[in-house]
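One structure is given below, encoded as structure tokens.
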Amino acid sequence: IKPGNIFLCERGGMPDTVKVLDFGLVKRVDRVEDTIPIDRNFEANLVGTPLYMAPETIRNPNQADHRSDIYAVGAVGYCVLTGKNVFERDTVSALCESHLAEAPIPPSRRCSNPISPELEALILRCLEKSPDKRPQAVGELHTALLGCPHAADWTLEKRAAWWASHANLP
């Protein structure tokens, strides 16, 4: 799960329906995200996009489970809130080391937009190093997101109006 695989669309009259698509299976990628040089020795065993990769996936891709995807959702959420990746490093190996050992800087310290403490805590919980400390299921994450302040502010009417006002933009 990474931002480039997430598409917002309208489905059945519902704006902001999310579709997750992955086109990476049909092309060869020689660089990760076009900005991070691949360290061929380190990269040989990686499966996925290191910017959004859970620690257990870096250690052993066979240990990945649905909680690894929750980590990736947290990394995408972090990026959406801040405009920055959780960790920004010059090499894949340094990036992976950060995912394995460093605590993320709280999103509120990396952007000027206000972020509710509840949403920030939830994003950081998704980014816990241990899968057991993350939300254990997408349903749990969904419920927690709905419990954040202002979650109900983005109504169907507001979504439809926003998309209508942007329909003719290039």
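Key figures for this structure:
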item: Of all residues making up segment 79-94, the number that are under 19 Å from residue 110 (Cα atoms) and of a type in the set (Gly, Ala, Ser); result: 1
item: Unique match (being on the phi < 0 side of the Ramachandran plot, hydrophobic (A, V, I, L, M, F, W, C) and at pLDDT 85 or above) among 7, 42; result: 7
item: Tabulated pairs, segment 131-159, first within 15 Å of residue 121 (Cα to Cα), second part of a helix (DSSP H, G or I) and not aliphatic (A, V, I, L, M), C-beta under 6 angstrom, 6+ apart or interchain; result: 134/67; 134/126; 148/118
item: Residue under evaluation residue 131, criteria (1) out of contact with any helix residue (DSSP H, G or I) (no Cβ under 7 Å at 6 or more places or on another chain); (2) open to solvent by less than 70 Å² (accessible area, probe 1.4 Å), criterion not met; result: (1)
item: Selection count where residues are more than 16 Å from residue 69 (Cα to Cα) and open to solvent by 40 Å² or more (accessible area, probe 1.4 Å), scope segment 92-118; result: 13
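The values are calculated or read from the model by the stated rules, or taken from the named source; none is laboratory data. Bear in mind that the values here come from a model prediction, so they are computed numbers and not experimental data. Glycine also receives a Cβ, built like all others from the backbone with ideal geometry; neighbour counts cover every protein chain displayed. Ligands, DNA and RNA are stripped out before the accessible areas are found, and what is left, the full protein with its side chains, is counted by its heavy atoms. Shrake-Rupley method; radii C 1.70, N 1.55, O 1.52, S 1.80 Å.
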